[in-house]
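Each value in this text was obtained by applying a stated rule to the coordinates, not by laboratory testing. Keep in mind that what you see is a predicted model, and the values were worked out from it rather than measured. Here the Cβ is made from the backbone with ideal geometry for all residues, glycine too, and neighbour counts use every protein chain on show.
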Amino acid sequence: MSERFFPDGMPQPLADTTSLPFWEAAAEHRLVVQRCQDCGRTRLPPSPVCSECQSDRADWQEVSGLGEVYSFTIVHRPLAADQSLPFVIAVISLEGSGGLRMISNVVGIEPEAVEIAMPGELIWEDMSETLAIPRFRPRS
Amino acid sequence: MSGRKACIVGVGETEYARWGKIGDVTEHALACQAIQRAVTDAGLSMQDVDGLASFAEDRNEATFLAAELGLPSLRFANMVWLPGGGGGCAAVGNAAMAVETGQAEVVVVYRSLCQGQFFRFGTGGVDASAPPDPAPPTVQPANSLMLASMGFAMPYGLLMAAAAYALPTRRHMHLYGTRPEHLGLLAVTFREHASRNPRAVMGKKPMTLDDYYASPMIADPHRLFDCCLESDGACAVVVTTEERARDLSRRPVEILASEQGAPQGYAFGPFTNANVADEIYATGGTEEMANRLWGKAGLKPSDVDVAQIYDHFTGCVLMQIEDYGFCARGEGGPFIESGALSWKDGTLPTNTHGGSLSEAYIHGLNHVVEGVRSLRGESTSPVEGAEVCLVTSGACVPSSALVLGRK
């Protein structure tokens, strides 16, 4: 099991059949984005059709896990018992994803030191045997 | 359509209180009270009402309220899809469309909130003090489109609105040099306006910029005083035709324009819109809608005498001011610093009731009520001779807006 940053009681991912493959890949420590098989446009969160060409044919593309902070907030209120505060929620621009961003956390750094445009890299937090959450830390 | 132009002819509200303080009256009873007061204010009776409209996933169904209030016939029952406070002006706009097309004659738009009897929006419905589930964390089924989308925010702790709306605001600060002081001045200004308003929950609690800086940080850059109140209470507005309004007691307020707007990919705003176009991320998302609104009204930003701008968070007001064209993109901070939003010497007196930051959080329908009062000359912070009022609904999510005019 990985290093832990957040307690077990954090809100858990909710998924339907469209979005479940993201979390199945995450459990294998693969960060994936959905990709249209007709026009190649990537999308996140997953959706049943491509907003560019309306195709419903899509597969999943693994991304490098490199990114940078697009925006962030330092949160001083807990979501779960025994959560360490404050913590950072960030929007991360994902390299090699076709220009996608995702919401995640920045860990492994003093929250006050986080800046927009700071380079980050993916780190997986295993919350259980079946659940891994992609978070980001400053690029080493 | 001569004579069928929509007007607002009545407004009403219950007592406003801190969330959870109204525990002995049900939310639908408050809705009934607000509707009764608005209908009475209009000089109408419940026998005249044939339409009800609301928004923000209202729990108080129009069909049940119509039965409770004894409406002879409910011809128009309407809910807006826009999330939360984004839909208040749209509900009024829908009422206007109903009366202008003859679908109904008198439509009451209402919103009632007793958060203590349900849950606090501000927490996102999470109780951090609850004992953790002993089962190992795993992926849970999402049984709605909303929850499936929120599935990409929740595991990171993004449930609290104060955190979500901090994201575009933080980027605005990065891009344009917007400072905490700008946000603080905005909060202080609205609190000052509330000091003259006997309905305002925070009316007797003056605030200085030092008080603002002393308020606890919630989700940086949002301090407590950047966040709207969480309130119990209800309000309502009555919409009918110009022709009908001529026979009524009150000076009608004309609905000059109404618009709804969600930019591409906006969905549930900063909870789910990390992938909207870069050009609109650090905005209120309402610029394109604002341009349509001005076009429809045949007016421009400089024609506005007074504004009631949805203030869930200070930064969202700042970005809306830019969206609606009151200043250039990135200039919202200096615009606030200039005192523009202040009653009574500012160029754009804004939230003359104190807003959701200091009057009450009724999902912004109270901003429509204040817009009407400001054009009737009944505001407690009156703008002399005001003829045009902009009212906006929650921005940084799909939103809506009204331009009101004095007849």
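Evaluate E = 1/(1 + (r/R0)^6) for A:E52 and B:E279, where r is the Cβ-Cβ distance and R0 equals 25 Å; express this FRET efficiency to the nearest 0.05.
Working: r = 18 Å, r/R0 = 0.71.
Calculated value: 0.90.
For a quick check of your reading of the filter: which trypsin sites (Lys or Arg not before Pro) in region B:280-385 sit in a DSSP loop and have no more than 14 other Cβ atoms within 10 Å?
Working: sites: B:R292, B:K296, B:R329, B:K344, B:R373, B:R376; in loops: B:R329, B:K344.
Of the trypsin sites (Lys or Arg not before Pro), the ones in loops of region B:280-385 whose Cβ has at most 14 other Cβ atoms within 10 Å are B:K344.
What whole number of Å gives the distance from the Cα centroid of region A:1-38 to the Cα centroid of region A:120-137?
9
Select from B:C316, B:I336, B:A245 the residue farthest towards the positive end of the dipole of region B:245-339; place +1 on Cβ of Lys and Arg, -1 on Cβ of Asp and Glu, and compute about the Cα centre.
My answer, from the dipole projection, is B:A245.
Show me, for region A:58-64, the HN-Hα J-couplings you get by feeding each phi into the Karplus relation (A = 6.51, B = -1.76, C = 1.60, θ = phi - 60°), rounded to Hz, glycine and proline as x.
9, 10, 10, 10, 7, 10, 5
For region B:1-142, just run the numbers: alpha carbon Rg, then divide by 2.2 N^0.38 Å, N being how many residues it has.
Details: Rg = 18.3 Å, N = 142, 2.2 N^0.38 = 14.5 Å.
So region B:1-142 has a normalised radius of gyration of 1.27.
Write out the trypsin sites (Lys or Arg not before Pro) in region B:94-186 meeting two conditions: DSSP loop, and at most 16 other Cβ atoms within 10 Å of their Cβ.
On the way: sites: B:R111, B:R120, B:R170, B:R171; in loops: B:R120.
Listed in order of number, the matching sites are B:R120.
Whose amide H sits under 5 Å from the amide H of B:R223, counting only residues 5 or more places off or on another chain, with H placed in the peptide plane?
B:I218
Using only the alpha carbon atoms of region A:14-62, find the Kirkwood hydrodynamic radius as the inverse mean reciprocal pair distance, in angstroms to one decimal.
Numbers: mean 1/r = 0.0928 Å⁻¹.
In region A:14-62 this quantity evaluates to 10.8 Å.
When Lys and Arg each count +1 and Asp and Glu each count -1, what net charge do the other residues less than 12 Å away from B:G339, Cβ to Cβ, add up to? If you can, show how the numbers build up before the last one.
Numbers: positive: B:K344; negative: B:E192, B:E337, B:D345.
Combined, the nearby Lys, Arg, Asp and Glu give -2.
When the chain is fully extended, how far beyond the present Cα-Cα distance does B:D24 get from B:D247, taking 0.36 nm per residue of separation? Please list the in-between numbers first.
On the way: separation 223, 0.36 × 223 = 80.28 nm, distance 3.81 nm.
Length difference between fully extended and current span is 76.5 nm.
Counting Lys and Arg as +1 and Asp and Glu as -1, what is the net charge of the other residues whose Cβ lies under 15 Å from the Cβ of B:M207?
Values: positive: B:R191, B:R196, B:K204, B:K205, B:R223; negative: B:E181, B:E192, B:D210, B:D211, B:D226, B:D311, B:E359.
Within the 15 Å Cβ shell, the charges total -2.
Using +1 on the beta carbon of Lys and Arg, -1 on that of Asp and Glu, and nothing else charged, what's the dipole of the protein assembly as shown about the Cα centre, debye to 20? Could you put the intermediate results ahead of the total?
Numbers: 42 positive and 65 negative charges, 218 e Å.
Charge dipole, the protein assembly as shown, about its Cα centre: 1040 debye, nearest 20.
How long is chain B along each principal axis, judged by its Cα atoms, biggest number first, in Å?
Projected onto the principal axes, the Cα atoms of chain B cover 60, 51, 41 Å.
Can you give me the relative contact order of chain B as a percent, contacts being Cα pairs under 8 Å and 6 or more apart?
Values: 974 pairs, mean separation 100.2, N = 407.
Computed value for chain B: 25 percent relative contact order.
Using a/c under 1.5 as the rounded threshold, could you call chain A rounded, prolate or oblate? The axes a ≥ b ≥ c are square roots of the C-alpha gyration tensor eigenvalues, and prolate needs a/b larger than b/c, oblate otherwise. Intermediate results must be reported in sequence, preceding the final value.
On the way: a/c = 2.08, a/b = 1.51, b/c = 1.38.
Here chain A falls in the prolate category.
Across chain A, where is the longest run that never hits GluC sites (Glu not before Pro) in a DSSP loop with at most 13 other C-beta atoms within 10 Å? Mind dumping the intermediate values first?
Details: sites that count: A:E3, A:E28, A:E52, A:E115, A:E129.
Segment A:53-114 is the longest.
What residues qualify as long-range amide H neighbours of A:S71, i.e. H under 5 Å apart, gap of 5 or more or another chain, H built at 1.01 Å from N?
When sequence neighbours closer than 5 places are left aside, the close amide H contacts are A:V91.
Give a quick list of trypsin sites (Lys or Arg not before Pro) in region B:194-265 that DSSP marks as loop, anything other than H, G, I, E or B, with at most 12 other Cβ atoms within 10 Å. Mind showing how you got there, number by number?
On the way: sites: B:R196, B:R199, B:K204, B:R223, B:R244, B:R246, B:R250; in loops: B:R196, B:R199, B:K204, B:R246, B:R250.
When the trypsin sites (Lys or Arg not before Pro) of region B:194-265 are filtered for loop state and at most 12 Cβ neighbours within 10 Å, B:K204, B:R246 remain.
Average projected area of the Cα convex hull of region A:1-40, in nm²?
Details: hull surface 16.2 nm².
Taking a quarter of the hull surface, the average projection is 4.1 nm².
Rank A:P111, A:S128, A:G99 by how far each Cα sits towards the positive end of the charge dipole of region A:64-140 (+1 on Lys, Arg Cβ; -1 on Asp, Glu Cβ) and give me just the farthest.
Final value for the positive-end residue is A:G99.
Before anything else, pin down the relative contact order of chain A: Cα pairs under 8 Å, at least 6 apart, normalised by residue count, whole percent.
On the way: 281 pairs, mean separation 33.9, N = 140.
Relative contact order comes out at 24 percent.
Report Rg(Cα)/(2.2 N^0.38 Å) for the protein assembly as shown, keeping two decimals. Please list the in-between numbers first.
Numbers: Rg = 23.5 Å, N = 547, 2.2 N^0.38 = 24.1 Å.
Output field value: 0.97.
Once you have all Cα-Cα distances for region B:154-306, histogram them in 5 Å bins from zero and send the whole-percent values.
1, 7, 12, 13, 15, 19, 16, 9, 5, 3, 1, 0
Where Rh is the Kirkwood radius over the Cα pairs of region B:184-246, the temperature 4 °C and the viscosity 1.567 mPa s, what D in µm²/s does Stokes-Einstein return? Intermediate results must be reported in sequence, preceding the final value.
Details: Rh = 14.0 Å.
Rounded, D is 92 µm²/s.
Applying the Karplus parametrisation 6.51 cos²θ - 1.76 cosθ + 1.60 with θ = phi - 60° to the phi angles of region B:99-108, what ³J(HN,Hα) value in whole Hz is obtained for each residue in order, glycine and proline being reported as x?
6, 6, 8, x, 5, 8, 9, 9, 10, 9
What number do you get for region A:64-140 when its Cα radius of gyration is normalised by 2.2 N^0.38 Å, N = residues?
Details: Rg = 12.4 Å, N = 77, 2.2 N^0.38 = 11.5 Å.
Against the empirical 2.2 N^0.38 Å value, I get 1.08 for region A:64-140.
Short version: ³J(HN,Hα) in whole Hz for each residue of region A:126-135, in order, from phi by Karplus 6.51 cos²θ - 1.76 cosθ + 1.60 (θ = phi - 60°), x for Gly and Pro, what are they?
For region A:126-135, the Karplus curve yields 7, 7, 6, 4, 10, 10, 10, 10, x, 10 Hz.
How big is the dipole moment of chain B about its Cα centre under a simple scheme where the beta carbon of each Lys and Arg is +1, that of each Asp and Glu is -1, and everything else is neutral? Debye, nearest 20, please. Don't jump to the answer; show the numbers that get you there.
Details: 31 positive and 45 negative charges, 72 e Å.
Its charge dipole is roughly 340 debye.
Can you list residues whose amide H is under 5 Å from B:V106's amide H, if they're 5+ apart or on another chain and H is modeled 1.01 Å from N?
B:D50, B:G51
Would you compute the Debye intensity of region B:99-224 from its alpha-carbon atoms alone, equal scatterers and no solvent, and pass along log10 I(q)/I(0) at q = 0.15, 0.17 Å⁻¹ to two decimals?
Treating every Cα as an identical point scatterer, log10 I(q)/I(0) equals -1.03, -1.13.
Place a point 7 Å from Cα of B:A128 in the direction of its Cβ. Which residues in region B:159-186 have their backbone N less than 14 Å from it?
Within reach of a label on B:A128: B:159-164.
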